[in-house]
Amino acid sequence: MRFAGIDIASETHFVAVVDEASGVVVKPTSFGEDASGYEKLLGLLGSPGDVLVAMEATGHYWQNLFAALAAAGFAVALLNPLRTRRFAGEDLERTKTDAIDALGIARFAAQKRPVVTRLPDSATQELRELVRFRDRLMQDFGDRVRQLHRLVDLGFPEFTRYVRSLDSELASAILHDYPTAEAFLGVPWKRLAKLCYDGRHKVGEELAKGLVEAAKTSVGRHHGPAYRVQVRCACEDLDLLRRRIREIDSDIERTLKDHEVGTLLTTLDGIGPTTAARLVAADVGSFRSAAALAAYVGAVPGLRQSGKRQASRAGLTPHGNARLRAALWMPTLTAVRKNPWLRAYYEGLRARGKLPKVALVAAMRKLLIAVYFVAKHRKPFVPILAEAHA
């Protein structure tokens, strides 16, 4: 067997090949991110039958190369950069270059024999891209809401006493037409009351009267046109982002219907289409065990004891997919309420004196075990414990 290590970059990659004894077969060589570069790489690798190619999952730069190698018949293993960095630290490496990294990845593959990563199907890849795009839209949406908060705090700080949430369609509709307290002056409350904010509902008499009266004595009514322009732009951006997020959610649901594992995951109470798509994007069925999946998410305790330091309580490990862990928090809360077996598990932990958050993290791990077995065995979730209690 030969083991190739590829250090991924944006335009120029490096490849090195070693044998089973970590002896260098092909010295670190550069190749470009284009057709001629890929042809050069395939020439250096030779026959795909006895080669394991290892490379780090660096950003998005690895995806085209991975697809080209898989199409050529090579076995490819994607590595967590944390593992290769710690492996390099064993030899107390002081110098770090792309060539050295490629050789280090090849030697890591020769010694650790990482598991081959399978090429995801088209539906999984599409769901992965849709989920990532949705995350970016949600980040933009949150940024606009925070900008709007600043502007409203200055131009009409009393507004949030009447409209609590600035990320709502109600707030966007009102502020787009009346961006500051000064804009409310002289406006008949009946006109404001008839304003329709979502195609069906209107502002209403009580809210309209309250806002008009509050604007008369607002401490921010001295702010001028510059604030009006910014508020209107923020509200227009929020409306656009809402529409795009709804469209993406529809695309996710439609794509999920064509994905066997994604459809099965929605049989778990608390797992909706968006959460199921996130789990499919993480390829939860490919982990070697449910414990490995829980460790990947980070729903495991990170106990640290040494010498006289004896911690009485273990916090969450700092490692893991923080974004996926955060996305599973609300589904866990829902599942604890709706799943009889998970609710019984949570209440049992609370009865034994566990703190609510500790019990919820344990419930998340329990939910991940169910997710793993549904994805691994491709069977719908059957709440056996719930049937037994019934």
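The values are calculated or read from the model by the stated rules, or taken from the named source; none is laboratory data. In this text, all values refer to a predicted model and were calculated from it rather than measured experimentally. When the accessible area is computed, the model is the full protein with side chains, heavy atoms only, and any ligands, DNA or RNA have been set aside. Shrake-Rupley method; radii C 1.70, N 1.55, O 1.52, S 1.80 Å.
Between E93 and any residue 5 or more places off or on another chain, the built amide H atoms are never under 5 Å apart.
Taking every DSSP helix (H) stretch of at least 4 residues in the chain, weighting each as -39,500 (n - 2.57) and dividing the sum by the residue count yields a mean residue ellipticity at 222 nm of -17500 deg cm²/dmol.
Sorted largest first, the spans of the alpha carbon positions of the stretch 192-310 along the three principal axes are 64, 54, 28 Å. The long axis of helix 98-112 is offset from the longest Cα principal axis of the chain by roughly 70 degrees. Of all lysines in the structure, the ones whose alpha carbon falls short of 26 Å from that of K202, not counting any fewer than 8 places away in one chain, are K190, K194, K216.
When the listed pairs K27/K376; K257/K357; K112/K376; K338/K376; K257/K376 are checked against a 28 Å cut-off, the alpha-carbon distance exceeds it for K27/K376; K257/K357.
Listed by chain and number, the aspartates and glutamates whose C-alpha is less than 19 Å from the C-alpha of K40, apart from same-chain residues fewer than 8 away, are D7, E11, D50, D98. Put the Cα centre of the stretch 144-163 next to the Cα centre of the stretch 112-140 and the gap is 37 Å. For a straight C-alpha distance cut-off of 17 angstrom, the aspartates and glutamates reachable from K379 (same-chain residues fewer than eight places away being disregarded) are D258, E260, D269, D283. Within the listed set V297, V261, V219, the Gaussian network model of the chain (springs between alpha-carbon atoms below 10 Å) gives the highest mean-square fluctuation for V219. Considering only A363, A123, A215, the Gaussian network model of the chain with Cα springs below 10 Å gives its largest mean-square fluctuation to A215.
Computing the accessible area with a 1.4 Å probe over protein heavy atoms, can you report the carbon and sulfur percentage for the stretch 157-260? C and S atoms contribute 47 percent here.
Solvent exposure of the stretch 1-152, expressed per residue, is 52 Å² of accessible area, with all protein chains present and a 1.4 angstrom probe. Extents of the stretch 114-167, largest first, come to 58, 22, 12 Å (Cα atoms, principal axes, whole angstrom). Mind checking which of A68, A290, A234 has the largest fluctuation in a GNM of the chain, springs on alpha carbons under 10 Å? Per the Cα network of the chain with a 10 Å cutoff, A68 tops the list.
Over the stretch 60-134, what percent of the accessible surface lies on carbon and sulfur atoms, probe 1.4 Å? Solvent-exposed carbon and sulfur of the stretch 60-134 make up 52 percent of the total.
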